[in-house]
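*Asks:* Just passing along the structure, written as structure tokens.
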Ligand SMILES: C[S@@+](CC[C@H](N)C(=O)[O-])C[C@H]1O[C@@H](n2cnc3c(N)ncnc32)[C@H](O)[C@@H]1O
């Protein structure tokens with residue numbers, strides 16, 4: 001469904017992704033090392049980050065990675081499950097995940113955030129979108145396939161981020177309009193490792 005997803009994504013409106021990515025990039029050193037989790041087929045935010053730093057993208061879908069490598073030849077792409085992938089401690093200036101954490105089982109997300117904190121250098125940043133429905137389950141037909149979704153509430157997302165020791169710099173809810181499915185809310189968080 002990667003092709004359908006790319007067309008569907010391009011038809012959406014209201015995503016503040018490039019504004020948040022620019023905000024992040026303004027806080028990072030020159031040519032930062034950036035890890036993107038659930039990078040998909042390299043949409044505009046991925047291209048923007050890869051043009052300004054050394055980007056490593058991780059995705060569980062081989063087809064999305066094939067597309068990402070084609071669109072973004074300068075970056076490194078890794079086929080892996082973000083809940084089990086491993087990186088050296090303190091190897092990134094930023095970890096970014098856009099519209100992907102809402103596909104991670106609730107039991108795994110706080111553990112993943114703890115790993116991310118370990119992969120970040122001091123003064124490194126996490127930029128991520130979180131689902132906020134508080135639900136978990138499979139939607140039978142999402143762009144033609146069964147799709148797993150899971151989220152905490154926005155208050156829970158903020159709380160477990162704070163518990164990891166990250167300092168939350170921005171925490172805002174944005175409403176995007178998705179083609180066919182209408183309005184969807186995501187919580188955007190930019191947080192700094194002390
Ligand atoms: C809704 S798409 C968003 C893709 C991209 N970030 C974007 O904004 O277009 C979610 C992506 O997360 C990936 N994904 C889902 N679960 C994953 C996991 N456990 N590990 C790595 N990638 C995962 C999917 O393959 C998909 O490419």
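Throughout, read-outs are computed from the coordinates displayed, never taken from laboratory work. Keep in mind it's a predicted model, so treat the numbers as computed, not measured. Neighbour counts run over all protein chains shown; Cβ positions are idealised from the backbone, glycine included.
*Asks:* Kindly provide the helix-only [θ] at 222 nm of the chain, computed as the sum of -39,500 (n - 2.57) over DSSP H runs of four or more divided by all residues, to the nearest 500 deg cm²/dmol? Write down the numbers at each step before the final one.
*Replies:* Details: 6 runs with 60 residues, N = 194.
Counting only the DSSP helices, I get -9000 deg cm²/dmol.
*Asks:* Right, next: Rounded to the nearest 5, what % of DSSP beta bridges with both residues in segment 1-86 are antiparallel? Write down the numbers at each step before the final one.
*Replies:* Values: 0 of 9 bridges.
Counting DSSP beta bridges with both partners in segment 1-86, the antiparallel share is about 0 percent.
*Asks:* Next up: How would you order 170-183, 63-76, 94-107 from highest to lowest mean count of nearby Cβ atoms within 10 Å? Provide the component values of the computation, followed by the final result.
*Replies:* Details: 170-183: 12.4, 63-76: 16.7, 94-107: 20.9.
Per-residue mean Cβ counts within 10 Å order the peptides as 94-107, 63-76, 170-183.
*Asks:* With a ≥ b ≥ c taken as the square roots of the eigenvalues of the C-alpha gyration tensor of segment 1-49, please select rounded if a/c is under 1.5 and otherwise prolate if a/b is larger than b/c or oblate if it is not? Don't skip to the end; give the middle numbers.
*Replies:* Values: a/c = 3.55, a/b = 1.76, b/c = 2.02.
Oblate, since a/c reaches 1.5 and b/c is not below a/b.
*Asks:* Where in segment 166-194 does the amide nitrogen come within less than 14 Å of the point 7 Å from the Cα of residue 91, taken along Cα to Cβ?
*Replies:* none
*Asks:* Turning to a different aspect of this structure: Please state the shape class of the chain: rounded when a/c is under 1.5, otherwise prolate if a/b exceeds b/c and oblate if not, all from the C-alpha gyration tensor.
*Replies:* Numbers: a/c = 1.44, a/b = 1.15, b/c = 1.25.
Because its axes are fairly even, with a/c under 1.5, the chain counts as rounded.
*Asks:* Can you say what percent of the DSSP beta bridges in segment 2-192, counting only those with both residues inside, are antiparallel? Round to 5. Don't skip to the end; give the middle numbers.
*Replies:* Working: 23 of 40 bridges.
Approximately 60 percent, going by the DSSP bridge assignments.
*Asks:* On to the next question. For residue 133 and residue 177, compute 0.36 nm times the residue count separating them, minus their Cα-Cα distance, and round to one decimal in nm. Please list the in-between numbers first.
*Replies:* Working: separation 44, 0.36 × 44 = 15.84 nm, distance 1.63 nm.
Length gained, residue 133 through residue 177: 14.2 nm.
*Asks:* Next question, about the same structure. Does segment 10-88 come out rounded, prolate or oblate, given a ≥ b ≥ c as the square roots of the eigenvalues of its C-alpha gyration tensor, rounded meaning a/c under 1.5 and, failing that, prolate meaning a/b above b/c? Don't skip to the answer; put the middle values down first.
*Replies:* Values: a/c = 1.62, a/b = 1.16, b/c = 1.39.
Taking the square roots of the gyration eigenvalues as a ≥ b ≥ c, segment 10-88 is oblate.
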